[in-house]
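No value in this document is a laboratory result; all are computed from the given coordinates. Note that the coordinates shown come from a computational prediction; the quantities given were computed from them, not determined experimentally. All Cβ positions, even for glycine, are placed from backbone atoms using ideal geometry, and neighbour counts span all protein chains on display.
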Amino acid sequence: MHDPAHAPAQRPPKPARYRTGLRAALAAGALLAPIAASAQQPAPQPIDTHIGLIYRPQPAPSSYDAEAAPEDEGLAGAKMAIADNNTTGRFTKQTFALDAVALSDEKPDAVAAAKELVAKGVNYLVLALPADAVLAVADAVKDSGAVVLNAGAPDDRLRGADCRTNVFHILPSRAMLTDAIAQYLTVMRWRKIFLITGPTEADKAYAEALRNSARKFALKITAEKPWTFGPLAKARGDTPTRAEAMVFTRGLDYDMAIVADEEGDWGDYVSYRTVDPRPVGGTQALTSTTWSPVLETWGAAQAQNRFRRLASRLMRPLDYQAWAAVRTVGEAVTAKKTSDPAVLAPYLVDPAFSLPAYKGVSLSFRPWDHQLRQPVIVVQPKALVSVAPEQGFLHQRTPLDTLGVDLPETTCKFK
């Protein structure tokens with residue numbers, strides 16, 4: 001039987017002020033613990049990262065050519081990215097500097113410029129150069145561990161048979177650009193194409209990419225002709241060939257004319273001069289691109305305004321591509337807390353890497369060809385028309401992989 005007389009004595013409750021003081025002491029200890037732990041951790045070491053840019057300035061435009069490239073195209077975008085990198089780096093003791101090399105008739109050798117930069121400790125080279133120069137630079141610096149970021153060459157072969165392990169492609173390939181146009185035509189049910197191809201090798205490469213896109217999205221090229229009337233878009237006033245150029249489109253059954261004129265010599269001439277009223281797109285009129293002044297969604301307006309204050313002009317595609325290349329390095333350095341290319345190059349194809357780039361989604365690199373996945377905007381000169389990938393185009397990884405060459409079709413074999 002329980003005897004109350006022998007029950008253990010109950011401890012009197014602690015005063016309320018005692019319990020309050022205990023809780024305060026415990027809370028203070030909890031707050032001080034991470035402070036003490038952080039005090040034992042070493043402070044982040046300063047990181048200084050130099051990024052090279054090799055580009056060829058464009059010649060001064062003629063007074064009547066308002067669309068000509070400015071002399072600092074690409075350079076201005078890289079400068080804005082360096083400023084953005086340093087804004088973030090201010091809080092992490094990371095600094096970034098741009099080492100820009102402008103090629104000229106006196107200094108034409110991109111390989112020599114790249115070797116000189118690498119010898120100075122520059123491990124990241126942004127190239128706004130043609131495909132052959134990208135390959136030459138990549139091969140020349142491959143043993144140094146330097147990372148090459150292609151900001152100017154859309155050639156599909158750089159992502160295919162001529163791919164290089166140390167090269168990462170910032171701008172879309174031609175296949176991605178023509179796929180964006182093809183997706184838009186599919187959505188609009190404009191399935192019949194009249195393809196007009198210019199005389200240059202770049203024009204022929206664009207036309208071949210367009211043919212592949214037409215097959216991929218079940219479009220039909222109902223007519224195809226070469227352009228043989230010269231650079232009418234750059235001619236002043238009318239020319240005797242005007243009537244011939246208009247007759248050029250007679251008797252054809254098509255929904256849209258696609259022009260392949262990467263030099264901009266004649267593509268703008270075609271609009272409003274076809275015999276039948278038909279829209280024009282491709283490299284002129286309705287185009288697919290990385291960037292345009294008409295893009296203002298997803299925070300792009302803020303970027304447009306910052307660039308205008310910096311460069312006193314509108315941001316062009318090459319500016320955006322150089323900006324994205326420099327920001328790629330900045331994002332990787334910030335995430336990994338090192339500027340060692342042996343660490344950062346593998347990280348760029350890691351699923352953990354992402355680049356915020358005013359496109360509505362974060363961008364990432366395809367591991368099979370080092371192409372930067374990204375939405376491609378479809379624009380006319382004064383308005384945003386659409387954004388690819390279009391709604392309804394699905395993929396097992398990401399809809400972004402509906403643009404360009406997918407893993408099963410790639411011919412890239414990294415050595």
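Highest mean packing first, where packing is the average number of other Cβ atoms within 10 Å per residue, the peptides 304-313, 137-146 line up as 137-146, 304-313.
Please identify the helices of the chain, taking whole runs of DSSP H, that span at least 27 Å along their own axis as judged from the Cα atoms and have a mean Kyte-Doolittle score of 0.5 or higher.
Details: long enough: 16-40 (36 Å, 0.62); 317-336 (28 Å, 0.04).
Flagged H segments are 16-40.
For the chain, relative contact order (Cα pairs under 8 Å, six or more residues apart, normalised by length) works out to 18 percent. Between amide H atoms placed 1.01 Å from N, distances below 5 Å from GLU224 occur with LEU195, all of them 5 or more places distant or on a separate chain. For segment 398-413, 3J(HN,Hα) computed residue by residue from phi via the Karplus equation (6.51, -1.76, 1.60; θ = phi - 60°) reads 7, x, 4, 7, 7, 9, x, 7, 8, 4, x, 9, 5, 9, 6, 10 Hz, glycine and proline entered as x. Here's how it looks for LEU403: its modeled amide H is under 5 Å from none belonging to a residue 5 or more places away or on a different chain. For LYS415, the aspartates and glutamates whose Cα falls under 16 Å of its own Cα, not counting residues fewer than eight places away in the same chain, are ASP139, ASP143, ASP162, ASP369. Taken over the alpha carbons of segment 272-415 as equal point scatterers, the Debye sum produces base-10 log I(q)/I(0) values at 0.08, 0.21, 0.22 Å⁻¹ of -0.28, -1.38, -1.43.
Ranked from highest to lowest mean number of other Cβ atoms within 10 Å per residue, what is the order of the peptides 165-175, 404-414?
Result, highest mean Cβ count within 10 Å first: 165-175, 404-414.
Structural descriptor for segment 176-289: relative contact order 32 percent, calculated from alpha carbon pairs under 8 angstrom and at least 6 residues apart.
Which lysines, if any, have their Cα less than 16 Å from the Cα of LYS216, not counting same-chain residues under 8 positions apart? Here the lysines satisfying the reach criterion relative to LYS216 are LYS192. For VAL126, the residues 5 or more places off, or on other chains, whose built amide H falls under 5 Å of its own are GLY52, LEU53, ILE54, LEU149. Given in Å, the Rg to one decimal and the Dmax to the nearest whole number for the Cα atoms of segment 249-321 are 16.1, 50. Each pair of Cα atoms in segment 295-354 enters the Kirkwood radius, and Stokes-Einstein at 37 °C and 0.692 mPa s then converts it into a translational diffusion coefficient of 251 µm²/s.
Per Stokes-Einstein, at 37 °C and 0.692 mPa s, what whole-number D in µm² s⁻¹ belongs to segment 176-289, with the Kirkwood radius over Cα pairs as the hydrodynamic radius?
Stokes-Einstein gives a translational diffusion coefficient of 235 µm²/s.
Along its principal axes, the chain has C-alpha extents of 121, 59, 44 angstrom, given from the largest down.
The distance linking segment 118-172 with segment 249-266 is 33 Å (Cα centroid to Cα centroid, whole angstrom).
Highest average first, the peptides 157-164, 388-395, 105-112, 287-294 ordered by how many other beta carbon atoms sit within 10 Å of their residues are 287-294, 157-164, 388-395, 105-112.
Give the relative contact order (percent, whole number) for segment 120-245; include only Cα pairs under 8 Å separated by 6+ residues.
Values: 149 pairs, mean separation 23.4, N = 126.
Dividing the mean separation by the residue count of segment 120-245 yields 19 percent.
Straight distance only, please: which aspartates and glutamates reach the Cα of LYS79 with their own Cα at less than 13 Å, same-chain residues fewer than 8 apart left out? Within reach: ASP99, ASP319.
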